[in-house]
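Okay, so here's the structure we're looking at.
No value in this document is a laboratory result; all are computed from the given coordinates. Keep in mind that this is a model prediction, so the values were computed, not measured. Please note: Cβ atoms are built from the backbone with ideal geometry, for glycine as well, and neighbour counts cover all protein chains shown.
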Amino acid sequence: MKNQNKELLYLDGMWLRQDQLLNLAMGVGNYAQAEHYLFALLADAVVKGRREAILEVNKVREHYGVKAIPLSDDDLEDDDDLQGKTRLTVADEQAKKLFLKMTREEQQDVLRRSMRRLIADYHLFNYARHWLAIFMVVRDRLVGESLNQTNFTTLASEITPEGLPQKLRFGVNTRKNMGREICETDRGEVYYRMKRNPQEQLCDTFWDIVKDTILTQN
């Protein structure tokens, strides 16, 4: 159990994986209750010296509309765990190659099914502004700069799942506001190398879903 505890966090007599604890925090419904889980995460981070845990805390705060804990530009610059997130894996590259070989209709089907799974299984896509994460994943992981905010309007309508509430649908105002969340120093950078990606967890989750969808059907 001693070695196992290095990978788990303690909460109310239970040992949980970090992703389990974060899902609980995201799904509890309000920030006041979510703080109970965040305290456990921060306590674990203090014991283990994991400064990058602040990034996870800030994702939950952003989810509930709470201002992020400020960080200096150099706080996590040399952190190996954070740097590891920016590296492309073999699976990332394989998924991109397979996606680019698909017809447009097949690509739309992959993204539409991934959107359905994201909305059904996770509590992360809660506002129309979260289309920014979908845009960045498709652009930075799959198609490159050929995708811009203008032609994404068409793609967004094509991959929108049936029954999605009107308030979550991509609209004119969504497109106008897309770039406002990205800080100036991160503009022009792919989302997984940004220092301050405001929708990092949503981006990572959606890419995992898309990648799994592509790889499991081939």
Mind checking the dipole of the chain: about its Cα centre, +1 per Lys or Arg Cβ, -1 per Asp or Glu Cβ, Debye to the nearest 20? 680 debye
Of Ile69, Ile159, Ile119, the one that fluctuates the most in a GNM where the chain has Cα springs shorter than 10 Å: Ile69
Under the classification rounded if a/c is under 1.5, otherwise prolate if a/b is larger than b/c and oblate if not, where does the chain fall, given a ≥ b ≥ c as square roots of the Cα gyration tensor eigenvalues? prolate
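First check a/c for segment 90-216, with a ≥ b ≥ c the square roots of the eigenvalues of its C-alpha gyration tensor; if it is under 1.5, answer rounded, and if not, answer prolate when a/b is larger than b/c or oblate otherwise.
rounded
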Under the Karplus relation 6.51 cos²θ - 1.76 cosθ + 1.60, θ = phi - 60°, what is the ordered set of whole-Hz ³J(HN,Hα) values for segment 136-153, x standing for Gly and Pro? 5, 5, 5, 5, 7, 9, 10, 10, x, 5, 5, 8, 10, 5, 6, 6, 5, 4
Please report how far the C-alpha centroid of segment 95-110 lies from that of segment 181-206, rounded to the nearest whole angstrom. 24 Å
If amide H atoms are modeled at 1.01 Å from N in the peptide plane, then the residues at a separation of 5 or more from Leu11, or on another chain, having amide H under 5 Å from its own are Leu16
When His63, His123 are ranked with the fewest other C-beta atoms within 10 Å first, the list becomes His123, His63
Can you list the HN-Hα couplings for segment 159-171, worked out from phi with the Karplus curve (6.51, -1.76, 1.60; θ = phi - 60°), rounded to whole Hz and with x for Gly and Pro? 10, 5, x, 4, x, 5, x, 4, 5, 9, 7, 6, x
Chymotrypsin sites (Phe, Trp or Tyr not before Pro), restricted to segment 115-215: which are DSSP loop and have at most 15 other Cβ atoms within 10 Å? Tyr127
Applying the Karplus parametrisation 6.51 cos²θ - 1.76 cosθ + 1.60 with θ = phi - 60° to the phi angles of segment 115-120, what ³J(HN,Hα) value in whole Hz is obtained for each residue in order, glycine and proline being reported as x? 5, 4, 5, 4, 6, 6
